[in-house]
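Okay, so here's the structure we're looking at.
The values are calculated or read from the model by the stated rules, or taken from the named source; none is laboratory data. Remember, it's a predicted structure, so these values are computed and weren't measured experimentally. Glycine gets a Cβ as well: all are built from the backbone with ideal geometry, and neighbour counts include every protein chain shown.
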Amino acid sequence: MHDVNRLTDHLFRHESGKMVAVLTRLFGFPNYDLARDIVQDTLLAALSHWRLHGIPDNPTGWLYTVAKNKTVDWLRKQKNTPQQSLDWATVESTLDEQEVDALFLEHEIHDSVLRMMFACGHPSLSAEAQLALILRTLCGLSVGEIARAFLSNEETIQKRLYRTKEKIRAEGISLEVPTGTELSQRVEGVRKAVYLLFNEGYNSQSVDWLVKEELCTEAIRLGGLLCSHPLTSEPASHALLALMYFQASRLATRLDTEGQIVLLEQQDRTRWNQPYIQKGKKALDCASEGPHLSEYHLQAGIAYYHATAERFESTNWQAITYLYHLLVALNPSPMVYLSRAIAIGFAQGAERGIEELKNITTLSQNHYYYVALGDFHAKCANVSAAIEAYRQALHWCVSAKEKALIAQKIAALSV
Amino acid sequence: MKKYMLTFWNGIQTEDAFAALSPEAIQAEIQKWNEWIGGIAAQGKMLMAEGLLPTGKVVSGSTKVVTDGPFTEGKEIVGGFMILEAESEAEAVALSMGCPGLATEGRVEVREVQVFN
């Protein structure tokens with residue numbers, strides 16, 4: 001009775017995301033809080049029942065049945081005493097029992113989640129609004145958990161969500177799958193939102209390793225959903241998934257036990273997540289169909305060469321340099337130029353790297369630029385030039401962790 | 001073997017806090033309870049357990065006045081109960097020590113079931 005079933009990890013979070021998507025489709029996007037309330041009631045019913053009776057044989061089915069019943073109950077009450085506070089303009093459905101049942105069929109659930117992703121990644125929502133909304137609805141995070149992920153406080157997040165809902169109302173954003181020429185643009189927007197979520201985790205300043213891991217795995221999960229739906233399973237979606245897998249494979253080795261950054265060169269490659277690298281390779285295979293080469297393809301390619309190099313010294317810098325050449329053509333941003341210059345420095349020697357860096361004029365306040373310059377000067381034994389570059393880096397750097405790293409480099413040269 | 005009834009008491013505020021739990025936290029809470037009760041069941045000592053909804057009615061006195069719950073006069077409500085078997089009160093108390101509700105400042109009341117023979 002009590003020792004047979006165990007819940008799979010994150011089951012509630014994931015099922016909550018699905019149920020919220022289903023019910024939001026029913027009630028309309030501006031009413032996603034109502035959907036969330038019903039789902040929360042459902043999960044609490046499970047808590048009160050399962051904690052004493054054990055977990056049922058089909059927990060997901062149990063949750064869906066309870067959610068359906070609660071929804072039908074709610075609709076019945078609404079018929080008798082309508083709640084004025086709700087925005088019913090967006091509700092197109094006739095909202096009857098059969099319809100609720102039909103929406104909980106497996107393919108409809110998948111469809112609802114996809115609609116939710118399109119809505120959350122809507123171009124008229126700001127990046128931070130998109131992120132908060134994705135985490136709140138699709139990923140089932142509480143306001144407190146979102147605040148923790150953003151190193152913010154609950155009040156700020158609450159306000160942000162409130163403003164987002166106002167925006168949804170004002171813009172009339174609904175849960176529909178775009179069609180025709182709009183589709184590909186909107187899919188690109190959703191990919192961007194997913195990658196944003198990933199980077200929020202990957203680059204998070206949070207000391208809490210779990211926060212990083214959770215955001216990254218959630219982004220990977222949503223990326224996987226994009227890849228498994230015929231409408232959104234474009235090569236670029238697979239490329240994005242590949243990129244996230246390759247990057248996330250290093251997640252555990254990017255910080256040491258004291259929370260200090262460990263550079264790629266010093267990372268313990270034996271601790272890289274091999275299953276992730278394999279999944280990344282698979283996704284990259286799927287991405288190689290069709291003629292279109294997206295930025296995600298190139299970045300995934302670069303990440304692939306890093307992830308599969310046995311040692312830092314055996315990294316295929318030639319191939320990486322080539323991919324950066326292509327990337328610069330697609331996205332001529334200063335940071336891409338910087339990365340390319342670094343790749344050239346490794347592929348063709350530090351002097352060439354310095355030359356390339358000196359051609360970049362727009363990063364004179366960027367500490368990554370000066371660190372790269374310092375590193376190449378140090379390699380060429382230009383000690384004073386290296387120290388000067390590192391001092392500039394220290395001047396422009398705001399992160400305490402990165403400052404510590406730069407200070408170490410100076411100390412190493414000053415011995 | 002004697003029978004004991006364990007009632008799980010919680011502050012009303014704790015109930016409110018539960019309502020705000022994230023899906024992940026709710027799942028973790030279920031896991032904790034299942035581990036605890038699973039341990040008792042594995043020893044063959046669990047007889048039954050039921051959870052109670054936080055609302056209900058109270059029928060009082062000879063006038064049989066019916067009032068609504070939640071029972072706000074008290075600061076605590078019973079969230080559920082369990083009947084288990086144990087060799088002694090000491091063992092029943094020891095088993096109740098693992099109750100996850102204690103972590104949120106709840107209480108477990110351990111009462112021996114009366115037997116006449």
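Give the range B:1-28 a look and list any residue that's in contact (Cβ under 8 Å) with a residue 24 or more places away in the chain and in contact with a Phe, Trp or Tyr (Cβ under 8 Å, 6 or more places away or on another chain), or say none.
Hits for the range B:1-28 are B:M5, B:L6, B:T7, B:F8.
For the range A:2-13, does any single residue satisfy the condition of being touching a residue at least 24 places away in the same chain (Cβ under 8 Å), under 26 Å from B:S96 (Cβ atoms) and crowded, with 20+ Cβ neighbours inside 10 Å?
Checked against the condition, which is being touching a residue at least 24 places away in the same chain (Cβ under 8 Å), under 26 Å from B:S96 (Cβ atoms) and crowded, with 20+ Cβ neighbours inside 10 Å, the range A:2-13 yields at least one hit.
Going by the conditions given, is A:E214 in contact with an Asp or Glu (Cβ under 9 Å, 6 or more places away or on another chain), closer than 22 Å to A:M244 by Cβ, without any contact (Cβ under 8 Å) to a residue 12 or more places away in the chain and assigned to a helix (DSSP H, G or I)?
Details: in contact with an Asp or Glu (Cβ under 9 Å, 6 or more places away or on another chain): yes; closer than 22 Å to A:M244 by Cβ: yes; without any contact (Cβ under 8 Å) to a residue 12 or more places away in the chain: no; assigned to a helix (DSSP H, G or I): yes.
Answer is no for this residue.
What are the residues in the range A:139-148 that are within 20 Å of A:E15 (Cβ to Cβ), within 17 Å of the chain's Cα centre (by Cα), in contact (Cβ under 8 Å) with a residue 12 or more places away in the chain and part of a helix (DSSP H, G or I), if any?
Passing the criteria: only A:I146.
Where residues in the range B:6-24 are part of a helix (DSSP H, G or I) and within 7 Å of another protein chain (Cβ to nearest Cβ), which of them is surrounded by the most Cβ atoms within 10 Å (Cβ to Cβ)? Working first, answer last.
Residues of the range B:6-24 part of a helix (DSSP H, G or I): B:12-19, B:23-24.
Next, only the ones that are within 7 Å of another protein chain (Cβ to nearest Cβ) stay: B:18-19, B:23-24.
Values: B:F18: 18, B:A19: 11, B:P23: 27, B:E24: 21.
Per the stated criteria, the residue is B:P23.
Quick test for you: out of A:S184, A:S237, pick the one residue that is among the hydroxyl-bearing types (S, T, Y), surrounded by fewer than 17 Cβ atoms within 10 Å (Cβ to Cβ) and assigned to a helix (DSSP H, G or I). Spell out how you get there, then give the answer.
Numbers: A:S237 fails: surrounded by fewer than 17 Cβ atoms within 10 Å (Cβ to Cβ).
Every option except A:S184 fails the conditions.
So in the range A:304-348, with the set limited to residues that are within 19 Å of A:L263 (Cβ to Cβ) and not in a helix (DSSP H, G or I), which one is nearest to the chain's Cα centre (by Cα)?
A:A309
Considering only the range A:9-29, I want to know if a residue exists there that is modelled with pLDDT under 90 and charged (D, E, K, R).
Yes, the conditions are met somewhere in the range A:9-29.
What number goes with the only condition from (1) of a type in the set (D, E, K, R); (2) touching a helix residue (DSSP H, G or I) at 6+ places or on another chain (Cβ under 8 Å); (3) surrounded by fewer than 17 Cβ atoms within 10 Å (Cβ to Cβ) that B:K45 does not pass?
Among (1) of a type in the set (D, E, K, R); (2) touching a helix residue (DSSP H, G or I) at 6+ places or on another chain (Cβ under 8 Å); (3) surrounded by fewer than 17 Cβ atoms within 10 Å (Cβ to Cβ), the lone unmet condition for B:K45 is (3).
Residues that are among the charged types (D, E, K, R) and within 12 Å of chain A (Cβ to nearest Cβ), at least 1 per element: which strands (runs of 3 or more DSSP E) completely within the range B:26-72 meet that? Step through it out loud before you land on a result.
Numbers: elements: B:46-51, B:57-60, B:65-68.
Ranges flagged: B:46-51.
Would you pick out the residues in the range A:114-133 that are more than 18 Å from A:Q40 (Cβ to Cβ), touching a residue at least 40 places away in the same chain (Cβ under 8 Å) and not small (G, A, S)?
Step one: list which residues in the range A:114-133 are more than 18 Å from A:Q40 (Cβ to Cβ), which gives A:114-115, A:117-131.
With touching a residue at least 40 places away in the same chain (Cβ under 8 Å) added as a condition, the list becomes A:114-115, A:117-125, A:127, A:130-131.
A:L114, A:R115, A:M117, A:F118, A:C120, A:H122, A:P123, A:L125, A:Q130, A:L131 - these are the residues of the range A:114-133 that are more than 18 Å from A:Q40 (Cβ to Cβ), touching a residue at least 40 places away in the same chain (Cβ under 8 Å) and not small (G, A, S).
Would you check if there is a residue in the range B:65-83 being in contact (Cβ under 8 Å) with a residue 60 or more places away in the chain, more than 30 Å from B:K2 (Cβ to Cβ), among the basic types (K, R) and in contact with a Gly (Cβ under 9 Å, 6 or more places away or on another chain)?
The answer is yes, given that some residue of the range B:65-83 is in contact (Cβ under 8 Å) with a residue 60 or more places away in the chain, more than 30 Å from B:K2 (Cβ to Cβ), among the basic types (K, R) and in contact with a Gly (Cβ under 9 Å, 6 or more places away or on another chain).
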